[in-house]
1. Given Cα pairs under 8 Å that are at least 6 residues apart, what percent is the relative contact order of the stretch 82-170?
2. Work out the FRET efficiency for residue 98 and residue 33 from their Cβ-Cβ distance, taking R0 = 35 Å, and round it to the nearest 0.05.
3. Among 374, 125, 261, rank each residue by its count of other Cβ atoms within 10 Å, from fewest to most, as a rough exposure measure.
4. Please compute the modelled spin-label separation between residue 198 and residue 123, points set 7 Å along Cα→Cβ, answer in nm with one decimal.
5. Taking other Cβ within 10 Å of each residue's Cβ, how do 257, 397 sort, fewest first?
6. Run the quick spin-label model on residue 344 and residue 142: label points 7 Å from Cα toward the beta carbon, then report their separation in nm to one decimal.
7. Counting only C-alpha contacts under 8 Å and six or more residues apart, can you give the relative contact order of the chain as a whole percent?
8. Fully extended, how many nm does the chain gain between residue 267 and residue 86 (0.36 nm per residue separation, minus their Cα-Cα distance)?
């Protein structure tokens, strides 16, 4: 940890610096608020305002605190806002004593772009994610989960030699400046759809992946056909879901019901409560989803389109699952690994009415990946955002309607 300097034996002080769109993104006021929150005082030694959209502002600040503990907590908060101590030296590392066990003072990563100073060079941390540890090896730095730590790994500890670069709000208000973390049920759905479509088109131009995280509500609200069109027209690069989405999608394809309710008219089917088990049984009898498609047993639906398009999908199991389907991964560590593998290289992630999976995915992603979270319940995108994924764009609407409009906007057939 950076050792603050004593002044006249009364206060501890440190000089910190930050760069970026500090005013537009309200980072500067958050820096000031953080100092006051921890009982400190600040003095602006230098401030330069960027005069163009691309030119960053810079801030040099003297911060003071009445105790070592308060200064340490303050610096930790400031670091997450991109405020790094001046001349703090190189990042410190300590070797892990055994597998899955980190040194006490390990640095816990955020989802913001991070650099560490190593051998007199600033190097960018790879595989950035929140709640990870930074491992230094062969001149590179990588975020790694606690369970992946091996004995002997050099773990970054304290806060020396660490620089965090928060995502900035776009100044020009063009293209994707709409991507803010405000969540409102009053936003026009058509506007949100148009902006999401533009975001997906930009991802295609940038050669980054578009990943969908979906819950079974997509089936219940009639969104299967629209999602199928998006897959068929190659707008989706990977599908992440739970067992329920696949089961209800296959039930709809085989039996015309979703949880026993007819998709055609919304009425209960006689003995329809058995249909989801019939769907699971049909897939087991076929030998799996892919085999059911190849044999002609499964001829429509989201999972059918995934197999036809050779689209990678991951089904993560839970305690509630019936069956589950043979493709469902019931080991949570393996399911998380499979999710993370498909999220590599993602530029846009669409989270469709699946709160727990959306929160999990948000925790795995760096802050520069765009996330659109669609749910009829405003609490869902709010919870996703509150858990540290502040770069979420929340759309409060019926997910079936949203998907239908999105498929139309992208001219999917």
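1. 41
2. 0.30
3. 261, 125, 374
4. 3.9
5. Lowest to highest Cβ neighbour count: 397, 257.
6. Each label point lies 7 Å from its Cα, and together they span 0.9 nm.
7. The value is 15 percent.
8. Extending this stretch completely gives an extra 58.5 nm.
Read-outs throughout are calculated quantities, based only on the coordinates presented, and are distinct from any laboratory measurement. Small disclaimer: the values here were computed from a predicted structure and weren't measured. FYI the Cβ positions are ideal-geometry reconstructions off the backbone, even for glycines, and counts take in every protein chain you see.
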